[in-house]
Amino acid sequence: MAAIVLDGITKQFPDGTTAVRSLDLSIADGELMVLVGPSGCGKTTALRLVAGLEEVTEGTIFIGDRPVNDVEPRDRDIAMVFQSYALYPHLTVRQNMAFSLKYRGGNSKDEIGRRVAEAARILELEPLLERKPRQLSGGQRQRVAMGRAIVRQPQAFLMDEPLSNLDAKLRVQMRAEIARLQRSLGVTTIYVTHDQTEAMTLGSRVAVIRHGELQQVAPPQELYLRPANLFVASFIGSPAMNLIEASVERGDGGPQVCFGPHRLAIGEKPVREHPALERYLGQKVVLGIRPEHLEDASLAHDAAPGSVIGVTVELREELGSEVDLHCAVGVAPLHPAGLGGGEMDADRDVGGLGAVSARVLAGTEGAGALAGTEGAGGTEGAATSVPAQVADPAQVADLTGAAPLAAPAGPVASALAATIVARMDPRTTLQVGEQARVQVDLAALHFFDPETGTSLRG
Ligand code: ATP
């Protein structure tokens with residue numbers, strides 16, 4: 001077992017593509033580090049660099065204390081598990097597991113037999129040892145691939161989307177097995193996935209990568225609670241965080257965050273938690289609200305004044321344990337520069353800024369209806385609203401001081417109305433077309449700089 005250190009690693013391919021840029025990452029001895037990011041972000045390349053299957057352009061990789069840039073892959077003492085299990089079809093499970101030990105030499109027949117038996121026991125493959133891969137299910141093949149890695153007793157496991165070929169249920173099961181196995185074997189592991197749920201459930205720490213650059217590395221809960229920037233905020237969490245262009249104002253009752261017709265009385269706590277927010281008073285910010293921090297106000301116990309917004313329900317998704325409502329909020333959707341690209345659309349089932357644009361509602365209907373709701377007097381306990389001239393999203397932008405900027409310098413408010421997703425108590429009776437009062441958990445708001453995307457948390 002050994003720690004792995006990537007010290008300033010850059011990989012540029014001969015055609016000029018820079019797949020990994022100045023990557024610094026330390027994986028502790030015995031740790032399971034997950035590399036996660038959208039397709040093409042460079043995570044597989046990073047793994048292949050550690051394996052020695054690609055040559056480093058700049059920087060040094062250490063396995064243990066040893067720089068390995070010039071060490072052949074077979075001498076790096078690591079075992080890889082791929083998406084395609086790459087089993088030999090003509091060999092049995094037993095022979096597949098024993099193959100690399102035999103091929104490398106240096107182990108007696110007895111020792112090989114002992115290690116294969118031990119791996120088969122751990123992975124519950126004993127009854128299948130004489131079968132050929134074609135006689136196995138996908139999950140069983142995956143376990144054989146794991147077994148082949150385990151028998152090597154390597155210093156580290158490198159796993160590249162090992163569960164992608166499995167169906168959803170089996171994936172969840174195998175994910176738990178890998179986590180358990182990794183913990184009990186204590187082998188340093190780097191695990192690559194594009195699936196944020198897999199990353200969050202597996203990793204002791206998760207490194208979020210975008211365009212070859214490390215965005216944040218932290219334990220899963222830290223990424224969720226304190227994302228360093230807009231990219232991490234929108235990539236981690238499902239459904240994705242709602243991102244809204246807003247402004248921060250100092251109202252009579254303390255600081256307020258304003259967007260479209262809405263004013264949330266955020267109080268002093270968010271300002272204390274986001275020290276940089278003080279500097280943004282009177283200016284634009286990106287407000288982040290996770291769907292789970294929005295609730296049907298009629299079900300909330302203590303809807304504090306200034307914590308409720310009026311929205312129009314556009315879509316109701318009943319998921320059993322929760323109901324997701326897509327709601328028009330009367331503001332233009334947000335496309336922070338460089339974040340709305342295809343990589344987000346392609347890689348998130350739900351959410352992300354790509355999904356924000358996917359959720360836009362054509363025309364101004366939603367915004368107009370909305371302005372009518374709260375703008376025409378509001379409701380008791382509701383956040384105060386800017387009156388009704390917000391029907392036109394262009395005017396919304398003016399009211400929030402958020403006039404559209406020329407791309408690609410900053411956020412671009414389009415002429416379409418955005419929806420936010422609220423993950424609600426399944427008892428909610430709110431239906432499509434209804435004007436709803438939604439309570440916002442003011443203690444769980446996120447704020448970002450609209451130009452750089454950096455969190456305003458200190
Ligand atoms: P995926 O999840 O789709 O596998 P990834 O995050 O693992 O994506 P990589 O396979 O590491 O991404 O690729 C990173 C970037 O490097 C991509 O733009 C890819 O096209 C490019 N790339 C990968 N291999 C090569 C190569 N041999 N030559 C040139 N460019 C390459």
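For the stretch 1-48 and the stretch 191-232, compute the distance between their C-alpha centroids and round to whole Å. Distance between centres, Cα-based: 13 Å.
Could you tell me which of rounded, prolate or oblate describes the stretch 132-207, using a ≥ b ≥ c as the square roots of the eigenvalues of the alpha-carbon gyration tensor, with rounded for a/c under 1.5 and, failing that, prolate when a/b is larger than b/c and oblate otherwise? Intermediate values should be presented prior to the final figure.
On the way: a/c = 1.94, a/b = 1.14, b/c = 1.70.
Note, shape of the stretch 132-207 comes out oblate.
Peptides 68-80, 137-149, ordered by how many other C-beta atoms sit within 10 Å of their residues on average, highest first, read 137-149, 68-80.
Partner lysines whose Cα lies under 28 Å from the Cα of Lys109, excluding those fewer than 8 positions away in the same chain, are identified as Lys132.
Order 293-305, 434-446 from most to least packed using the mean count of other Cβ atoms within 10 Å.
Descending mean neighbour count gives 434-446, 293-305.
Residues whose amide H comes within less than 5 Å of that of Ile266, counting only those at least five positions distant or on another chain, are Gln256, Val257 (H built at 1.01 Å from N in the peptide plane).
With a 10 Å radius around each residue's Cβ, average the other Cβ atoms per peptide and rank 97-107, 28-38, highest first.
On the way: 97-107: 15.0, 28-38: 21.9.
Result, highest mean first: 28-38, 97-107.
Each residue of the stretch 200-205 was assigned a 3J(HN,Hα) from its phi angle through the Karplus expression (A = 6.51, B = -1.76, C = 1.60, θ = phi - 60°), giving 5, 7, 9, x, 5, 9 Hz with x at Gly and Pro. Please check which bits of the stretch 156-196 a label hung off Leu319 would reach, taking the label as a point 7 Å along Cα-to-C-beta and the cut-off as backbone N under 14 Å. Within reach of a label on Leu319, which here means backbone N under 14 Å from a point 7 Å along Cα→Cβ, the stretch 156-196 contributes 196.
Compute the distance from the alpha-carbon center of the stretch 160-180 to that of the stretch 236-297, in whole Å. When both Cα centres are located, 37 Å separates them.
For the stretch 187-194, 3J(HN,Hα) computed residue by residue from phi via the Karplus equation (6.51, -1.76, 1.60; θ = phi - 60°) reads 8, 3, 9, 10, 10, 9, 8, 9 Hz, glycine and proline entered as x. Seen through its C-alpha gyration tensor, with square-root eigenvalues sorted a ≥ b ≥ c, the stretch 69-204 comes out oblate because a/c lies at 1.5 or above while a/b is not bigger than b/c.
Values in this text are rule-based calculations from the coordinates and carry no lab data. Predicted model, so just to flag it, every value in this text is computed and none were measured. Positions of Cβ are backbone-derived with ideal geometry, glycine not excepted, and every protein chain shown enters the neighbour counts.
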